[in-house]
Amino acid sequence: MRHFPAFLDLSGRTALVLGAGEALQAKAELLRQAGALLLPAERFHPALLEGVALAVAAGAPEEELSALHAACVARGIPVNVVDRPELCSFITPAIIRRDDVTVAVSTGGAAPVLARLLRQRIEAVLPPLLGRVAALGAKFQSRVRARIPALPARRAFLERALSGTPAKLAEAGRQMEAEAAFAAMLDDAEATPRGFVQLVGAGPGAADLLTLRALRALGEADVVVHDRLVPEGVLELARRDARRIYVGKRRAEHCVPQEGINTLLVELAREGLRVVRLKGGDPFIFGRGGEEAQALHEAGIPHEVIPGVTAALGCAAQAGIPLTHRDCARMLTLVTGHTRDGVLELDFGALARPGQTLAVYMGLSTLDALHQGLIWEGYDETTPAILIERGGSEHQRELRGTLAEIVEAAPGWAGDGPVLLLLGEAVGMGAPPLPAAAAAAAASLPLP
Ligand code: SAH
């Protein structure tokens with residue numbers, strides 16, 4: 001980030017406005033609206049800077065502009081010369097205004113046109129009377145503070161009030177009713193609301209595979225409890241000041257034991273916090289989400305599950321493999337290669353049955369045992385197979401072959417990331433997708 005975003009309080013302060021022209025007039029008008037006292041000047045003289053809080057300039061002779069810039073920099077006075085980045089110590093954003101609500105957009109000077117395009121888009125989605133909602137918040141600020149002293153609870157209340165009925169009424173211009181609704185909501189507000197937990201699926205590795213519901217939960221969470229498989233891009237979508245707690249989990253290297261995680265979730269919720277428990281893929285597929293949900297249920301903590309794209313789906317989609325196929329796969333089996341006490345306890349007879357696709361999670365270290373077990377039940381070693389590492393992410397790697405071939409090659413191929421095995425005739429049916437327009441479009445999808 002090249003610039004520090006900030007809003008200046010210029011009320012009653014002097015702003016030097018040097019030069020002439022429309023662009024300068026526009027800046028002067030904004031300064032005036034912000035309460036600044038304007039000091040217009042046609043020629044620059046260092047004495048002008050006495051007591052000046054900020055300077056803007058345009059349409060003055062070149063030597064005046066550079067003299068102004070140098071003098072301001074020397075005195076630590078913020079200066080902006082319109083359309084001359086090299087003569088600016090601050091830049092002005094494109095802005096969207098609704099009374100006291102101001103949205104500022106900057107591209108760091110890289111593409112002002114893009115900033116203006118973004119402004120148009122934001123203009124279109126912000127209600128015209130949004131400022132009234134802010135005014136509502138301002139009006140009740142001290143009463144809310146007095147009634148709900150704890151910050152997380154207060155924030156939760158304000159989020160409900162400023163997105164619920166009172167806000168809708170204010171946006172519709174029905175100020176009196178909005179205030180009545182706000183006051184009623186505040187009267188009802190439990191001083192110590194109970195927290196809750198959302199078990200959220202983070203998807204397989206790309207932030208834009210998240211569901212909109214998960215995105216909303218992340219934006220509202222006070223705490224995010226996450227583990228290793230959660231992509232960094234997803235974590236970045238959490239509310240900026242949300243606390244993050246890493247609880248690890250890697251085969252044989254559990255940072256926090258499962259019971260510890262269960263207890264942690266219960267305790268955080270009892271503090272009145274909104275907790276997002278973020279898990280790779282889907283929380284209810286080999287993620288021990290079931291155990292966490294049960295612990296929450298037993299502790300009487302309100303909770304819900306927000307599904308995610310599980311690894312098998314993310315991997316298959318990106319590798320272009322149909323998991324079912326009319327001709328050869330009428331069944332999809334999700335199976336874990338994880339062992340208890342080192343023994344792979346699977347029903348190999350069932351897994352070896354033809355007409356299905358096997359998606360094997362956590363199967364890399366027990367691949368030999370799986371292979372042996374399947375062959376014992378008469379499975380065909382030449383069945384198409386694929387190992388996919390970091391599937392669904394931009395770092396996806398694939399090893400394609402027959403079952404026999406990939407068992408042979410896997411040890412030398414495997415890297416650091418999570419690996420999924422897909423096995424079955426359907427694996428040979430797909431075609432790797434061409435890098436598609438859809439992928440490019442997804443990358444530029446505006447996340448709310
Ligand atoms: N709940 C997760 C699975 C957790 S078990 C889900 O629904 O996807 C962890 C195993 O999932 C890993 O050992 C690996 O086999 C698989 N896995 C998870 N993410 C993966 C990814 N991006 N690519 C390949 N395999 C993945």
Checklist line | Distant-in-sequence amide H partners of residue 90 (H built 1.01 Å from N, under 5 Å) | finding: 79
Next item on the list: Taking the chain as the reference, fit the longest principal axis to its C-alpha atoms, fit the long axis of helix 403-413 to the helix C-alpha atoms, and give the angle between the two in degrees, 0 to 90, nearest 10.
Entry: 50 degrees
Check: Using the Cα gyration tensor of the range 14-92, with a ≥ b ≥ c the square roots of its eigenvalues, what is the shape: rounded (a/c below 1.5), prolate (a/b larger than b/c) or oblate (neither)?
Finding: rounded
Next item on the list: Quick one: among 387, 38, 421, which has the greatest mean-square fluctuation in a GNM of the chain with alpha-carbon springs under 10 angstrom?
Entry: 38
Checklist line | For the chain, the Rg and Dmax computed from alpha carbons only, in angstrom | finding: 29.5, 94
Note to self: Using +1 at the C-beta of Lys and Arg and -1 at the C-beta of Asp and Glu, which of 74, 111, 59 has the Cα lying farthest in the positive direction of the dipole of the range 1-147?
What the structure shows: 111
Next item on the list: Evaluate the relative contact order of the chain (contact order divided by residue number), counting alpha-carbon pairs under 8 angstrom at least 6 apart; express in whole percent.
Entry: 10 percent
Check: Points 7 angstrom from Cα along the Cβ direction at residue 299 and residue 122: gap in nanometres?
Finding: 3.9 nm
Next item on the list: Could you please report the charge total around residue 119, scoring K, R as +1 and D, E as -1 over all other residues with beta-carbon less than 14 angstrom from its beta-carbon?
Entry: +3
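If you average 1/r over every pair of different alpha-carbon atoms in the range 250-313 and take one over that average, what Kirkwood value in Å do you get? Spell out each step's value before the answer.
Details: mean 1/r = 0.0798 Å⁻¹.
It works out to 12.5 Å.
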Note to self: Based on C-alpha coordinates, I'd like the Rg and Dmax of the range 280-351, in Å.
What the structure shows: 15.9, 48
Note to self: Just to be sure I understand the curve: with the Debye formula and one point per C-alpha of the range 85-240, what is log10 I(q)/I(0) at q = 0.08, 0.12, 0.15, 0.19 Å⁻¹?
What the structure shows: -0.34, -0.75, -1.05, -1.19
Next item on the list: Any chance you could give the angle, 0 to 90 degrees and rounded to 10, that helix 258-270 forms with the longest Cα principal axis of the chain?
Entry: 30 degrees
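Note down the net charge around residue 48, summing +1 for each Lys or Arg and -1 for each Asp or Glu among other residues with Cβ under 13 Å from its Cβ.
Residues close to residue 48 contribute a combined charge of -1.
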Check: Of 233, 51, 203, which has the largest mean-square fluctuation in a 10 Å C-alpha GNM of the chain?
Finding: 51
Check: How large is ³J(HN,Hα), in whole Hz, for each residue of the range 229-237 in order, when computed from phi with the Karplus curve 6.51 cos²θ - 1.76 cosθ + 1.60 and θ = phi - 60°, using x for Gly and Pro?
Finding: 6, 6, x, 4, x, 6, 4, 5, 7
Next item on the list: In debye, nearest 20, what is the charge dipole magnitude of the chain about its Cα centre with +1 on Lys and Arg Cβ and -1 on Asp and Glu Cβ, if you could check?
Entry: 1500 debye
Checklist line | Cα gyration tensor shape for the range 1-156, rounded if a/c is under 1.5, else prolate or oblate | finding: prolate
Note to self: Compute the angle between helix 175-188 and the longest alpha-carbon principal axis of the chain, please, reported from 0 to 90 degrees and rounded to the nearest 10.
What the structure shows: 50 degrees
Next item on the list: Once you have a ≥ b ≥ c as the square roots of the Cα gyration tensor eigenvalues for the range 194-309, tell me rounded if a/c is under 1.5, and otherwise prolate or oblate according to whether a/b is larger than b/c.
Entry: rounded
Note to self: With a cut-off of 8 Å between alpha carbons and a minimum separation of six or more residues, what is the relative contact order of the range 194-309 in percent?
What the structure shows: 44 percent
Checklist line | Within the range 7-21: backbone nitrogen closer than 20 Å to the residue 75 label point (7 Å, Cα to C-beta) | finding: 8-20
Note to self: Please report Rg (one decimal) and Dmax (integer) in Å for the Cα set of the range 312-429.
What the structure shows: 13.0, 39
Notebook entry, point to check: Going 7 Å from the Cα of residue 101 toward and past its Cβ, which residues in the range 122-150 have a backbone nitrogen under 18 Å from where you end up?
Noted result: 122-141
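Read the figures in this text as sums done on the coordinates, not as results from a lab. Remember, predicted model here, so these are calculated numbers, not experimental data. Virtual Cβ from ideal backbone geometry, glycine too; neighbours counted across all protein chains shown.
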